Amino acid sequence: MLNQKEILSTVEMIDQQHLDIRTITMGISLLSCCDPDPGRACEKVYEKICRCAEKLVKTGQDIEDEFGIPIVNKRISVTPMAMVAGASETEDYVPFALALDRAARSCGVNFIGGYSALVQKGMTKADERLIRSIPEALARTELVCSSVNVGSTRAGINMDAVALMGRVIKETAAATADRDGLGCAKLVVFCNAVEDNPFMAGAFHGAGEAEKVINVGVSGPGVVYHALKSVRGQPLDVAAETIKKTAFRVTRMGQLVAQEASRRLDTPFGIVDLSLAPTPAIGDSVARILEELGLEVCGTHGTTAALAMLNDAVKKGGVMASSSVGGLSGAFIPVSEDEGMIAAARRGTLCLDKLEAMTCVCSVGLDMIAVPGDTPAETISAIIADEAAIGMVNNKTTAVRILPTPGKTVGDTIEMGGLLGSAPVMPVHPESSAGFISRGGRIPAPLHSLRN
Amino acid sequence: MNAIVTVVGQDRVGIIAAVCNRLAGHNVNILDISQTILQGAFTMVMAVDVSASAASFGELGQSLNELGAEMGLSIRIQREEIFDAMHHI
């Protein structure tokens, strides 16, 4: 029997601690849409997405109403588009992005992910065409998200692709200069990308996935923060235990919503993603959790250790609460989307180098970081290479979502609004990495033994 | 289907009467009520059965929301499973 205290604690988590389901994402395979005629292929893409996801938003809203738990985003992820478009006799892939955008609008979702290519070992012609079309595709669409996987622990890092992505990111910023380079907020470069990630902008529906699937991303930095307040000053193992218990509760709720959505949409349940996903709202910040653990400002010495503990405790608590855990599953540290991170970056305590160290111990990478608009493409490529190397060697997913905002420089702030938040422009090292990036080729896969 | 109604806000005369009336109007049966004053705030938790109600869950929520707005209270209705999932194994 439920008691009043339990009921009120749940209500308080929802009302005051920003507890929510961050996203219900329907993964849809588009492999059946391949067609030599590109126009026909786009029609099939549009038609299949609309057919599969027709009731996604309505179902999400119904679950929200009945369980009283906000479901912030309803989204769609699709097969990496290079695999689908590669079958068509065309060199122009932008129409595929437009078809995705139209389908997302018809379904009422707020993002669609999967304008993607997986090139960790090499690029097919289709992969290269897709990558080169990203700036135009992101400039001409609103809801499409794009990702490119440039490395993996098994394959190493494709440095030709890394060099290309530096240029593509710059071109994307230029193509969306009228919107503060917003296109770059919808473009992620991965190492060890996962096939069942429900979070944008990096979601795609992997080739190893079923016809369609429901993945759910939970959230809850605010809930963890409040729970930690009750054990202030106590040893870190007590803090870890508190985080575990909180993560367990939050994930149980995610599992319930995932199963309910899966049943109502007659779509198999895929995974629950255990990530702590912050928002720009006060009280929903990962940085503030680290500060609650005893750091004056996020980014100071000790931040990496605190984050490692937080990330591990979230996984340990969550993994027992769900029948199937997957996706990225870890604490996110997107600078522009986290009120505490924004404050720490403004103060200068949180810098790019410290963020890079933090990504060694948490999900996912250098995320939503604004850098000066005149940052050279090679420097961006080098930042990607560093991040990919961390992922490759540590056998984890890492990513870069970086915003070289045209016309902006250190001291400026870019405003993106909504969940994307605002980002203070952070300095990059002025010394050149061009010689390293221009070498191209591949960084071979690392040794899997002798791991020190 | 069982649901939980929670009412939180400033105490005043007639809260229980008004909420019970509204629920009765929708043919919702009350199974259990517990009410207390927590840190100065009126706090009530009700277990209810909505299976005989003609209104959809969304309509019930809307109706209770409106009552809450009229009386300056936060009133919500949620399916029982969410609390079970979060607190019981």
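None of the figures in this text is laboratory data; all of them are computed from the coordinates on show. The structure presented is a predicted model; accordingly, all values stated were derived computationally and were not measured. Because the Cβ atoms are built from the backbone with ideal geometry, glycine has one as well, and the counts that use them run over all protein chains shown.
The rows are residues; the columns are (1) free of Cβ contacts under 8 Å to residues at least 24 places away in the same chain; (2) surrounded by 14 or more Cβ atoms within 10 Å (Cβ to Cβ).
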position: B:VAL8; (1), (2): no, yes
position: B:VAL13; (1), (2): yes, no
position: B:ILE16; (1), (2): no, yes
position: B:ARG22; (1), (2): no, yes
position: B:GLN35; (1), (2): yes, yes
position: B:ALA52; (1), (2): no, no
position: B:PHE57; (1), (2): no, yes
position: B:LEU60; (1), (2): no, yes
position: B:GLN78; (1), (2): no, yes
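Which of (1) buried (at least 18 other Cβ atoms within 10 Å of the Cβ); (2) facing chain A (nearest Cβ under 10 Å); (3) touching a residue at least 24 places away in the same chain (Cβ under 8 Å) is the odd one out, the single condition B:ALA85 does not satisfy?
Looking at each condition in turn, B:ALA85 falls short on (3).
Within the range A:207-222, is there a residue that is assigned to a helix (DSSP H, G or I) and farther than 21 Å from A:ILE49 by Cα?
Looking through the range A:207-222, at least one residue is assigned to a helix (DSSP H, G or I) and farther than 21 Å from A:ILE49 by Cα.
Looking at the range A:197-210, is at least one residue over 20 Å from the mean Cα position of the chain (by Cα), touching a residue at least 40 places away in the same chain (Cβ under 8 Å) and within 23 Å of A:GLY113 (Cβ to Cβ)?
Yes, that holds for at least one residue.
Give the range A:238-295 a look and list any residue that's among the polar types (S, T, N, Q), away from chain B (no Cβ under 14 Å) and in a helix (DSSP H, G or I), or say none.
Just the residues of the range A:238-295 that are among the polar types (S, T, N, Q), to begin with: A:242, A:246, A:251, A:255, A:259, A:262, A:267, A:275, A:279, A:285.
With away from chain B (no Cβ under 14 Å) added as a condition, the list becomes A:242, A:262, A:267, A:275, A:279, A:285.
If the condition is that a residue be among the polar types (S, T, N, Q), away from chain B (no Cβ under 14 Å) and in a helix (DSSP H, G or I), then A:THR242, A:SER262 are the ones that fit.
Return the total of residues in the range A:112-157 being crowded, with 24+ Cβ neighbours inside 10 Å, in contact with a Lys or Arg (Cβ under 8 Å, 6 or more places away or on another chain), of a type outside the set (Val, Ile, Thr) and assigned to a strand (DSSP E or B).
The qualifying residues number 3.
Restricting to the range B:24-33, give me the number of residues that are of a type in the set (A, V, I, L, M, F, W, C), within 14 Å of another protein chain (Cβ to nearest Cβ) and loosely packed, with under 14 Cβ neighbours inside 10 Å.
1
For the range A:1-90, give me every one of the helices (runs of 4 or more DSSP H) that falls completely inside it and has 1 or more residues that are in contact (Cβ under 8 Å) with a residue 12 or more places away in the chain and more than 13 Å from chain B (Cβ to nearest Cβ). Steps first, answer last, please.
Details: elements: A:4-16, A:38-53, A:56-67, A:81-85.
Because the criterion is at least 1 residues that are in contact (Cβ under 8 Å) with a residue 12 or more places away in the chain and more than 13 Å from chain B (Cβ to nearest Cβ), the helices (runs of 4 or more DSSP H) in the range A:1-90 that meet it are A:38-53, A:56-67, A:81-85.
If we keep just the residues of the range A:198-237 that are among the hydrophobic types (A, V, I, L, M, F, W, C) and either within 14 Å of chain B (Cβ to nearest Cβ) or out of contact with any Ser or Thr (no Cβ under 8 Å at 6 or more places or on another chain) (or both), which is surrounded by the fewest Cβ atoms within 10 Å (Cβ to Cβ)?
Let us first name the residues in the range A:198-237 that are among the hydrophobic types (A, V, I, L, M, F, W, C), namely A:199-201, A:203-204, A:207, A:210, A:213-214, A:216, A:218, A:223-224, A:227-228, A:231, A:236.
When the remaining residues are screened for being either within 14 Å of chain B (Cβ to nearest Cβ) or out of contact with any Ser or Thr (no Cβ under 8 Å at 6 or more places or on another chain) (or both), the result is A:216, A:218, A:223, A:227, A:236.
Working: A:VAL216: 29, A:VAL218: 30, A:VAL223: 26, A:ALA227: 21, A:LEU236: 14.
Going through the qualifying residues, I end up with A:LEU236.
Got at least one residue in the range A:171-185 being in contact with a Phe, Trp or Tyr (Cβ under 9 Å, 6 or more places away or on another chain), buried (at least 24 other Cβ atoms within 10 Å of the Cβ) and within 25 Å of A:GLU378 (Cβ to Cβ)?
No - not one qualifying residue is present in the range A:171-185.
With respect to the numbered conditions (1) in contact with a Cys (Cβ under 8 Å, 6 or more places away or on another chain); (2) under 23 Å from A:ARG129 (Cβ atoms); (3) buried (at least 17 other Cβ atoms within 10 Å of the Cβ), which one is the sole condition not fulfilled by A:ALA87?
(3)
Please go through (1) under 12 Å from the mean Cα position of the chain (by Cα); (2) within 8 Å of another protein chain (Cβ to nearest Cβ); (3) under 16 Å from A:LYS5 (Cβ atoms) for B:LEU38 and return the number of the only condition it doesn't satisfy.
Of the numbered conditions (1) under 12 Å from the mean Cα position of the chain (by Cα); (2) within 8 Å of another protein chain (Cβ to nearest Cβ); (3) under 16 Å from A:LYS5 (Cβ atoms), the odd one out for B:LEU38 is (1).
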